[in-house]
Each structure stands twice: as structure tokens, then as C-alpha cells.
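Reading through the C-alpha cells given below for one structure.
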């Protein structure tokens, strides 16, 4: 058979193979945007991926990396897992040094820095106070806050200076054996950062990571625009967007008093407890959102500013150059929005 005759025979075969390959490529092609989600650390997570040019194998690798980073964060820092490293440290009723992982020590070190800057408004040793007021893992039933004597006794166990860190030795030490830590105001941000790093290592450039409301944006949306994240306005009727922020390679964390609270004796008691007074905050600040490069830092500062309140918190944010957006309750049920000088340019 000459070359022309052979070509006439083989050409339809090649065309059929190319058609099958093209159909298979279309079959395996992911949509432009995929959202993965699940539970973690007593809350939920979601990751939105721009999957253009990616296949199912890439999605599988991404999911595995996300699960691994979140499982590690939970294993190290969750108060909801009795076997986590943090839970074991809390049960360590001794002033002897306790060995901790580099990651947990790093997060504790960042927490201590922010505690210093806020004079104790942010304090991870607040755990027994939060539990006594009916919030978090291992909390008593809501609606039965501590009596004055009990509250004063608990306050003796709280204070960031009761915690000593030795990064070189890889240990932490309690000045009182009954000190307990709660990293829920910073560990979710740490988890967001870790998931983002894992995705970047795998070559993903455009994605949105969210853990418990803390959000990190990388790159752009599939349509080329910036990722847009809403800030909620506290509303008893449901979720209402107050404003929208465009995030590009940045993080936004929000702390508010409107999702977890109860009433006792005609007073509204929130899960945001001031470590300095030992009581839930009673000021008019409903929420504060912080934009930063790192989610762990944004997470911690959002909580710190929520404790400090609308005046002291705003002043501190301005002094630190923090991009923050405050929603303050006004008379008649309305809200006043205030943003620091670093924040307005971030609006879209």
C-alpha cells in the first residue's frame, strides 16, 4: 500500500482518536469556579477556586492539601478537640515547661505581641472566663453567669503575663497551674493562612479561602475582577450586607457581638469577654472588620478592637495603622459606620 492510500485509511482513525480525546477533555473539564467546603475547629470552612485550565486531578490535590492543613490546625489548636495539643496543654496543671509544636508557639507568640500592644484587651488566657459566661467549648449552660466571688476567683487565672514562652526550647510555661488558653480568636486566621500557602505551593493563583468568617483572597475572580467580600450589618431579621470590600491578595476578619449572645436579667451578654474586667463587653460597638496581609493577625486584631470598643478601639487602630471598619449602634436601632484612614481605599 503506497503512502497516499495508507494516509486515506489512517486519517479517519486519527480523526476519531482526536475526537475522543477532545470529548474526554470536555468531560473532565471543571467549571470556571468550584467551591469546596466542610466543618473544622467547631465552625465551617469554604474555598472558592478559579479552575480554568485545571482538571479533576488538580481539584483532588487541592482538596487533599486543604484537608491536611485544616486537620493539622485542629489537631494543634482546637479547644473543641480534647486530644489537641492545646487541650493537653490546658490540662497540664503544672508550672513546669510543656513542649509545644513550632506552629502553636508561633501563634501564641503573635497573641502575646498583640496582648502587649492592647494592654491585655486581647488575651488567649481568657478561656475560663468565656466558659464561665456560657460560651465556647466546655462552657456552662448560658444564662447563668458567675457570681461576684466566683468571677473574682476566675480572674486570678487570667492574664497574658501568666504565660511564658520559650521558642528556643520549644516550650511554654504557666505561672499558675490552672491557666487555660483559648486560641479561637486567632487560630482560624492561622488556618486560613496555612490553606492559602498550601494552595499556592500547588500552583493555584486565584482563590478565596474562608474559615469561620475569616477570608483571604488571592489573585482575581474568574471574570477578572477583584474578589468581593461583604461586611454584614447586624440585623435580627437575617443577614444583610452593610458594604462590600474588594480584596486583592489580602485578608479580612470580622468580630461582632450579634451572632452569639443571650439575655440575662434584661441585659444582653455577648461571647466577646473583656479579659481586663472579666465580663462580656457592654459598649455600643456591634462589629469591627480588619483588613491585613495575614489572616492570623487580622483575626486577633478584630477581636482586640471589638473588646476595646468604638472609641478606644478606633484610636488604637489609627495608631497602629490598621485598616478597620467599625459598625456602632446608634439610638433607634440604626448603625454608624466609621473607618480608619487605612481602610477607605479598599472599597470597590
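For this structure, a couple of remarks:
- Filtered residue count, the range 76-92, keeping only those that are touching a strand residue (DSSP E or B) at 6+ places or on another chain (Cβ under 6 Å) and over 13 Å from residue 107 (Cβ atoms): 1
- Residue in the range 50-66 that is assigned to a strand (DSSP E or B), surrounded by 18 or more Cβ atoms within 10 Å (Cβ to Cβ) and in contact (Cβ under 8 Å) with a residue 24 or more places away in the chain present: yes
- One residue from 192, 130, 126 being under 24 Å from residue 35 (Cβ atoms), in contact (Cβ under 8 Å) with a residue 24 or more places away in the chain, in contact with a strand residue (DSSP E or B) (Cβ under 8 Å, 6 or more places away or on another chain) and not in a loop (DSSP other than H, G, I, E, B): 192
- Every test in (1) closer than 30 Å to residue 132 by Cβ; (2) modelled with pLDDT under 95 is passed by residue 227 save one, and that test is (1).
- Test for residue 178: is it touching a residue at least 12 places away in the same chain (Cβ under 8 Å), part of a helix (DSSP H, G or I), out of contact with any strand residue (DSSP E or B) (no Cβ under 6 Å at 6 or more places or on another chain) and closer than 27 Å to residue 271 by Cα: no
- Test: residue 139 is in a helix (DSSP H, G or I), modelled with pLDDT under 95 and either crowded, with 19+ Cβ neighbours inside 10 Å or in contact with a helix residue (DSSP H, G or I) (Cβ under 7 Å, 6 or more places away or on another chain) (or both): no
- Residues of the range 292-326 classified as closer than 19 Å to residue 121 by Cα and outside any helix (DSSP H, G or I), total: 6
- Scope the range 142-170; condition outside any helix (DSSP H, G or I) and either in the same structural domain as residue 304 (by TED's automatic domain parsing) or modelled with pLDDT under 95 (or both); matching residues: 142, 143, 144, 145, 146, 147
- Matching residues in the range 314-341 - criterion: being buried (at least 24 other Cβ atoms within 10 Å of the Cβ) and touching a residue at least 60 places away in the same chain (Cβ under 8 Å): 325, 327
- Checked against the criterion of being within 30 Å of residue 140 (Cα to Cα), at pLDDT 90 or above and in contact with a helix residue (DSSP H, G or I) (Cβ under 9 Å, 6 or more places away or on another chain), the candidates 292, 283, 271 yield just one match: 283.
- Summed over the range 79-122, residues that are assigned to a loop (DSSP other than H, G, I, E, B) and out of contact with any helix residue (DSSP H, G or I) (no Cβ under 7 Å at 6 or more places or on another chain) total 10.
- Selection status of residue 127, assigned by TED's automatic domain parsing to the domain that holds residue 154, within 14 Å of residue 180 (Cβ to Cβ) and surrounded by 15 or more Cβ atoms within 10 Å (Cβ to Cβ): yes
- Qualifying residue in the range 58-75 (condition: within 17 Å of residue 227 (Cβ to Cβ), out of contact with any strand residue (DSSP E or B) (no Cβ under 8 Å at 6 or more places or on another chain) and at pLDDT below 95): no
- Residues that are surrounded by fewer than 19 Cβ atoms within 10 Å (Cβ to Cβ) and not in a loop (DSSP other than H, G, I, E, B) within the range 202-250 comprise 228, 230, 231, 233, 240, 241, 242, 243, 244, 246, listed in sequence order.
The values are calculated or read from the model by the stated rules, or taken from the named source; none is laboratory data. This is a predicted model, so every value here is computed, not measured. Backbone-built Cβ (ideal geometry, glycine too); neighbour counts: all protein chains shown.
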